[in-house]
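First the structure, in the form of structure tokens, and then the observations on it.
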Amino acid sequence: MLPRATGAPGGRPNIVLIYADDIGYGDTGPYGATRVRTPNLDRMAAQGLRFTNAYCSSATCTPSRYSLLTGEYAFRKPGSGVLPGDAPMLIEPGRTTVASVLKKAGYATGVVGKWHLGLGAGNVDWNAEVKPGPEAIGFDYSFLIPATGDRTPCVYVENGRVVGLDPNDPITVQYGKPIPGEPTGVNNPGMLRWFPSHGHDQTIVNGISRIGYMKGGEAARWVDEGMADTITRKATDFIAKQQENPFFLYFSTHDIHVPRVPHPRFQGKSECGIRCDATVQFDWSVGRIMDALERHDLTRNTLLIVMSDNGPVVDDGYEDGAFEDLNGHLPAGPLRGGKYSIYEGGTRTPFLVKWPERVKPGVSDALVGQVDLMASLAALTEVGLSGQEGVDSFNVLPALLGESGAGREHLVQHAGILAIRAGKWKYIPKADRGSGSLHWNGGNRPANAPEELYDLEVDLGERNNVVQKYPQVAKRMAALLEKVVKEGRSRN
């Protein structure tokens, strides 16, 4: 048996991973935001380690989540783009994940919040047990938003069952074809709180039209304003229940993804509109987790990590005033691009680590990726990985703990096109849709974009393409990217 997590120094810690949605590099106080107040994140940064060179694996959420849990770049996995709400499970049952590694180490494992990795094996019956799910890849407990808040089904699923479902009002979910008799945003705009700016004009739930069609399950449907309260409570309940034994909690918030409908107590609490109000709500959730750890005397020996699944987006499908109300706020801070973009704003995200028992407060510029969590946490808990597990995950534990300034040597970035970061250099291949997944255009690059090379030490905003000045560096970086892609792995 493992020692209790609150035990002697050196005992294995509890691990809590808070995964934000669409929060950019410049969206919070620790990374320079001034028009939105995030006191809990500020407190965490002051007490822990703030990373300035930390990356998710993709500029959109499903592939980042896949990489986070599997330790494999999502571009290697067919079908790992942004999934519809009725998609089958993307991670195959029995595959090694961060959760299964920690479960093998003796941890109780739980996931609460947004999932968006598919459920079931296709043609899901939402009125019966939905399997396979998180239990098939190492999680003991799950309370899920199945896909996203803007996609059907608009219900919570706890341990494979829709919460609060009335069997006399069964759920039907489908994509591609409307359900006769059910109102949609495109045909019933008078029922909407605000209009969609693109897409998002199908089934109406809570006055908001979504992607996908849904009928039934009226008693089980979530209320958007209560979503943060609901999932945060489930997360703190998990902590309370597991406090006597080591546990791993993957708490994946919906904030600040669209539709942005913060609870009324957070509305108007920022100086930059509804998107920033949702950021205040996210900060509250972080604070509730920190309070729960303190209440149960778990703070000192709990490894707490906060990061985001991709960069920021302002208009992501609804005319919610988010763009008009920015008031000078810069969601990506000094970075170029955001969600969907191959530039730094797409994949460089906030990354905070706090573990009072081991981690000293400070700032680190070590190059680390979310894909590295598998190997790093396996090393922390002394669980060995085979050569076929976590093929792109490096053990950067010394960097995560602030014991070393060195992280990984290179990291692939993904936004349709692939790019690579190594040392101070960032290389983006020429856009060419005829050359396969390595080279087709992504993000906000023009379709005929040339090769790009940036020295991030002097040009963090990627404004000065130096590929002509340093052709040999570009050639070396291109060869490295090609090697990582062709070899099917980056960890030896």
Inset, instruction - Quick one: count up the residues across the range 313-366 that are among the aromatic types (Phe, Trp, Tyr) and over 30 Å from Leu192 (Cβ atoms). - result: 3
Inset, instruction - For the range 329-377, name all the residues that are touching a Leu at 6+ places or on another chain (Cβ under 6 Å), of a type in the set (Val, Ile, Thr) and buried (at least 23 other Cβ atoms within 10 Å of the Cβ). - result: Val353
Inset, instruction - Need at least 2 residues that are in contact with a Ser or Thr (Cβ under 8 Å, 6 or more places away or on another chain) and crowded, with 24+ Cβ neighbours inside 10 Å per element, so show me which strands (runs of 3 or more DSSP E) inside the range 8-115 make the cut, counting only ones lying wholly within it. - result: 14-20, 108-114
Inset, instruction - Output yes when any residue across the range 222-234 is free of Cβ contacts under 8 Å to residues at least 60 places away in the same chain and of a type in the set (A, V, I, L, M, F, W, C), and no when none is. - result: yes
Inset, instruction - Filter the range 136-160 down to the residues that are among the hydrophobic types (A, V, I, L, M, F, W, C) and out of contact with any helix residue (DSSP H, G or I) (no Cβ under 8 Å at 6 or more places or on another chain), then identify the one that is surrounded by the fewest Cβ atoms within 10 Å (Cβ to Cβ). - result: Ala136
Legend entry - Set Ile289, Ile256, Ile274, Ile231: member being modelled with pLDDT of 95 or more and over 18 Å from the mean Cα position of the chain (by Cα): Ile274
Inset, instruction - Tell me, yes or no, whether the range 286-307 has at least one residue that is among the small types (Gly, Ala, Ser) and touching a Phe, Trp or Tyr at 6+ places or on another chain (Cβ under 8 Å). - result: no
Legend entry - Subset of the range 284-314 that is of a type in the set (Lys, Arg) and in a helix (DSSP H, G or I) - its residue that is surrounded by the fewest Cβ atoms within 10 Å (Cβ to Cβ): Arg295
Legend entry - Wholly enclosed strands (runs of 3 or more DSSP E) of the range 334-429 bearing at least 1 residues touching a residue at least 12 places away in the same chain (Cβ under 8 Å) and under 18 Å from the mean Cα position of the chain (by Cα): 351-354, 410-415
Inset, instruction - Could you please tell me which pairs satisfy a Cβ distance under 7 Å, a separation of 6+ or placement on different chains, a first residue in the range 57-83 that is more than 16 Å from Arg491 (Cβ to Cβ), and a second residue that is charged (D, E, K, R)? - result: Ala59/Lys339; Thr60/Lys339; Cys61/Asp21; Cys61/Asp309; Ser64/Asp309; Arg65/Asp309; Tyr66/Lys77
Inset, instruction - Quick one: which residue in Val186, Val258, Val205 is in contact with an Asp or Glu (Cβ under 6 Å, 6 or more places away or on another chain), outside the structural domain of Gly85 (by TED's automatic domain parsing) and among the aliphatic types (A, V, I, L, M)? - result: Val186
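The values are calculated or read from the model by the stated rules, or taken from the named source; none is laboratory data. Every value quoted in this text rests on a predicted model; they were computed, and no experiment measured them. Ideal geometry is used to build each Cβ from the backbone, glycine not excepted, and the neighbour counts take in all protein chains shown.
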